[in-house]
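The structure appears below as structure tokens.
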Amino acid sequence: MRLGIGFKIRKAVERTNRLFSPILIVLEAFLLSNAIELSPNNFIHQFIVFNQKIFWLMIFLYSGILFYNFMKVRKKRFILLYRREIF
């Protein structure tokens with residue numbers, strides 16, 4: 001039984017979001033605190049500058065995690081997930 005491409009993509013995105021969301025929250029909090037410390041008067045501008053500096057890094061990190069999770073979706077895991085959803 002082969003898995004459909006839509007199913008594999010959906011499972012890979014779910015796993016990636018589950019892993020990446022806490023990383024993104026911590027990263028945004030870190031950037032906001034650094035922007036406030038460096039320039040309290042103009043922290044929104046500093047926050048945007050910091051976000052632009054790491055924006056592409058976050059895209060590559062997310063893409064890499066998504067590709068890794070896409071390759072890890074297997075038939076055996078699908079059967080285990082399917083049985084768990086039934087019962």
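Quick notes
- All conditions in (1) surrounded by fewer than 14 Cβ atoms within 10 Å (Cβ to Cβ); (2) free of Cβ contacts under 8 Å to residues at least 12 places away in the same chain; (3) out of contact with any helix residue (DSSP H, G or I) (no Cβ under 6 Å at 6 or more places or on another chain) hold for Leu38, with the sole exception of (3).
- Restricting attention to the stretch 64-81 and to residues that are at pLDDT 60 or above and closer than 13 Å to Glu14 by Cβ, the residue that is surrounded by the fewest Cβ atoms within 10 Å (Cβ to Cβ) turns out to be Lys72.
- Remark: Leu61 falls outside the filter, which requires a residue to be surrounded by 10 or more Cβ atoms within 10 Å (Cβ to Cβ) and modelled with pLDDT under 80.
- Here Leu24 does not fit the description of being touching a residue at least 12 places away in the same chain (Cβ under 8 Å), surrounded by 11 or more Cβ atoms within 10 Å (Cβ to Cβ) and touching a Lys or Arg at 6+ places or on another chain (Cβ under 9 Å).
- Just one of the listed residues (Arg2, Arg10, Arg84) is among the charged types (D, E, K, R), at pLDDT below 80 and either part of a loop (DSSP other than H, G, I, E, B) or surrounded by 10 or more Cβ atoms within 10 Å (Cβ to Cβ) (or both), and it is Arg2.
The values are calculated or read from the model by the stated rules, or taken from the named source; none is laboratory data. Just so you know, these numbers come straight off a predicted model, no measurement behind them. Heads up, the Cβs are rebuilt from the backbone with ideal geometry, glycines too, and the neighbour counts pull from every protein chain shown.
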